Every structure is written in C-alpha cells, then in structure tokens.
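The values are calculated or read from the model by the stated rules, or taken from the named source; none is laboratory data. None of these values were measured; they are calculated from a predicted model. Cβ atoms come from the backbone with ideal geometry, glycine included; neighbour counts cover every protein chain shown. The accessibility values were calculated without ligands, DNA or RNA, using every heavy atom of the protein model including side chains. Shrake-Rupley method; radii C 1.70, N 1.55, O 1.52, S 1.80 Å.
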Amino acid sequence: MDFREVKEFFKDTFGYIVVIVVVLFICAYIITLQQNVGPSMEPTLNNGDVFLLNKMSYKFGEVKRNDIIAFNDSQSKYLVKRVIGLPGERIDYKDNILYINNEPYTETFLGENVITTNFDMELIKGCENGTIPEEHYLVLGDNRGNSMDSRELGVISKDDIIGKTSIRIWPISNFGIVK
C-alpha cells in the first residue's frame, strides 16, 4: 500500500468538502435562487421567472422604496412584492395617484393601464394612527389588479423579509438586473 496515494486522496477529498461547504453556506445565508410564482409582479417579473435573491442586503443596508423583496407571509409561503411605503409614512391612493405623506409620487415602473384602487392607511392591518410602524413596510404587486399584498396582508415586518431581488437569470432572454 502506497501511503502517498492515500495522502493525496484525503487531500483532494478535503478540498472538495471545503468547496461544498462554502457553496452551501453561500446558498443558505448570502444568495439563493428564487422563482416568481403567479402574475402579481407582471410585467416586471413574470410567472416562472427565476432570479437571484440577495439575503444579505438588509443585514447591512436599509430597505428602500421601490425595492423588490421576497418575504414570508402568515401562511409560511414566500411572496415577491415591491416596497411602496417606509416606516413613519402615510400612504394613500386617490384617483390612481400614490400620495406619500400627502405629496404625489410618480411610480415610473407601472404600465400605463395599471389601475390602483383608492385606499388609505386606516384600512391597512397593522397601521396605527394611519402611518406605517417602525420596522414595517407597505408592499404592493406591480400588477395591482391581481396581487395579494399589503392591502390584504397588512404591513410587512422587516423580520419577515428574506431578501432583495437582484438579477433575473431565467428566462435567459430576459437576463439582467431586476428593477
């Protein structure tokens, strides 16, 4: 028996184990693949689109308006929506116009035919005094007529956010940064 061969075998095997552990760590804690399910984010994300989800983005940074996030809902499934309202803000929709703290705000990512029904913060679960609480966010789907979002679920806790979408990888014809 040649001990040099045994030593080389263990050395090679150890290298493969290290690579596997690093890949599993990255997938579990840093970046993972996610699939968009349903039409609620059309036309930004279509049903079946696969994208990278950055799980670290909010460990070191803040959630920003218009970020597209994945989060856990109360039924233990994840949803993908766009952040519209931030902590301390009052959000209203009147005549298809978004108002943030009573100031109109243009949503450039919406298609021309998207209609957002009127609502105000008093009707959103989890909002006290008509404003979004600290560490909570108001989220809506881009396809407002076909989206289960904060209008039904209430505001979303930062603790429920899994991560931020970054790059669409499937279908390959739409590969690129998700905005």
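Helix-only arithmetic for the chain: the sum of -39500 (n - 2.57) across DSSP H runs with n ≥ 4, divided by the residue total, places the mean residue ellipticity at 222 nm at -6000 deg cm²/dmol.
Compute the signed sum of charges (Lys and Arg +1, Asp and Glu -1) over the other residues within less than 15 Å, Cβ to Cβ, of residue 147.
Residues close to residue 147 contribute a combined charge of -1.
Heavy-atom accessible surface of the chain, averaged per residue, reaches 61 Å², computed with a 1.4 Å probe. Here the Karplus relation 6.51 cos²θ - 1.76 cosθ + 1.60, evaluated at θ = phi - 60°, turns the backbone of the stretch 52-65 into coupling constants of 7, 10, 7, 7, 8, 4, 9, 6, 10, x, 9, 6, 10, 4 Hz, with x for every Gly and Pro.
Straight-distance candidates among the lysines for linking to residue 81, with alpha-carbon spacing under 25 Å and chain neighbours fewer than 8 residues away dropped: 55, 59, 64, 94, 125, 158, 164, 179. On a per residue basis, the convex hull of the C-alpha atoms belonging to the chain measures out at 145 Å³. Reducing the stretch 1-59 and the stretch 155-179 to their Cα centroids gives an inter-centroid distance of 16 Å.
Angle of helix 3-29 to the longest C-alpha principal axis of the chain, folded into 0 to 90 degrees and rounded to 10: 0°.
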